[in-house]
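Since the structure comes first, as structure tokens, the remarks are kept for the end.
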Amino acid sequence: MLKKSVVALSAALLAVCFAGTAAADIVCPDSSYCEVTFQNTYPTGSQFAGDPYDYLTVDAAGTGESFATFGIDIRVYLKNCQGEPLIGIPPQEIVMFNSNLCICPGGGASDAGTDSNGCATWTGTLAAGGCVDVIDVYADGVFICTLEDAGGRTVKLNSTDQAQNGTSPCFTDASDLAAFAAVLGQTAIGNICFDFNEFDETIDASDLAFFAAALGAACQ
Ligand SMILES: [Ca+2]
Ligand SMILES: [Ca+2]
């Protein structure tokens with residue numbers, strides 16, 4: 001009888017230990033990874049015609065372009081060091097980051113927490129400003145990846161907010177307009193930070209219309 005109780009007690013303790021281990025699981029950078037695929041290409045007339053569509057235009061209000069609309073498919077798989085999926089890590093802990101961006105609070109978070117495969121996605125836009133040609137992903141403060149496809153092509157962002165130059169970061173305002181006005185009418189080649197539609201080779205009225213729609217954008 002006593003033996004039986006000890007066995008039962010041991011089993012109970014074991015269960016508690018396992019529960020404790022699971023709760024303490026940490027994101028393991030060696031077994032976690034990202035997958036990026038570009039499903040669209042730039043149209044004829046673009047300075048990047050035929051290349052995979054890899055620039056998303058964002059603003060601090062979160063009213064910019066969405067990854068889903070432009071066929072940029074991003075998945076991050078979070079695992080522990082045994083290679084097991086980490087389920088239910090909250091979205092605010094899974095974030096895009098580049099120090100040259102101004103990212104609003106929560107503005108770089110994934111769509112939702114990790115699913116049963118430890119997977120999180122970004123299908124919407126970012127609430128952010130700036131212009132960068134690389135974006136990193138961090139989970140629970142751990143560096144997971146630089147977002148790039150199998151061929152090494154990176155996911156890129158531009159914005160009506162020239163935050164990368166310290167121009168009123170996280171605001172699209174008069175100082176950004178002044179910077180935009182200085183390149184209006186010029187070639188878009190080498191001016192990607194101001195080419196918001198990427199459908200032609202100039203910084204023109206269509207980019208101005210895009211800017212006008214974002215004027216006043218700020219973190220919500
Ligand atoms: Ca700004
Ligand atoms: Ca343009």
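Where in segment 26-51 is the amide nitrogen less than 20 Å from a point lying 7 Å along the Cα-to-Cβ axis of D115? In segment 26-51, the label zone of D115 (backbone N under 20 Å from the point 7 Å along Cα→Cβ) covers 32-39. Counted over the chain, the DSSP beta bridges are approximately 85% antiparallel.
The chymotrypsin sites (Phe, Trp or Tyr not before Pro) of segment 116-183 include none that DSSP puts in a loop with a beta carbon having at most 15 other beta carbons within 10 Å.
Measuring between their Cα centroids, segment 151-220 and segment 32-55 lie 19 Å from each other.
Using only the C-alpha atoms, the convex hull of the chain corresponds to 120 Å³ per residue.
The charge dipole of segment 33-214, taken about its Cα centre with unit charges on the Cβ of Lys, Arg, Asp and Glu (plus for the first two, minus for the last two), comes to roughly 280 debye. Of the residues N191, L126, A139, the one whose Cα sits farthest toward the positive end of the charge dipole of segment 110-199, with +1 on the Cβ of Lys and Arg and -1 on the Cβ of Asp and Glu, is N191. With the helix formula -39500 (n - 2.57) applied to DSSP H stretches of n ≥ 4, the chain reaches a computed 222 nm mean residue ellipticity of -6000 deg cm²/dmol.
For segment 134-196, the calculated P(r), taken from all Cα-Cα distances in 10 Å bins from zero up to the bin holding the longest distance, is 19, 36, 29, 14, 1 percent.
In degrees between 0 and 90, to the nearest 10, how far off the longest principal axis of the chain does helix 174-183 point, with axes built from Cα atoms? Rounded to the nearest ten degrees, it is 60.
Here the simple spin-label model places points 7 Å from the Cα toward Cβ, and for T123 and A178 these points are separated by 4.2 nm. Panel values: segment 164-220, Kirkwood radius from alpha carbon pairs, Stokes-Einstein at 37 °C and 0.692 mPa s, translational diffusion coefficient 283 µm²/s.
Look at V134, V58, V76 and count the other Cβ atoms within 10 Å of each Cβ; fewest to most, that gives V134, V76, V58.
Placing R0 at 35 angstrom, the Cβ-Cβ distance between T154 and Q220 gives a FRET efficiency of 0.80 after rounding to 0.05.
Laboratory data are not the source of any read-out in this text; all were calculated from the coordinates shown. Keep in mind the model is a prediction, meaning the values are calculated, not measured. Glycine also receives a Cβ, built like all others from the backbone with ideal geometry; neighbour counts cover every protein chain displayed.
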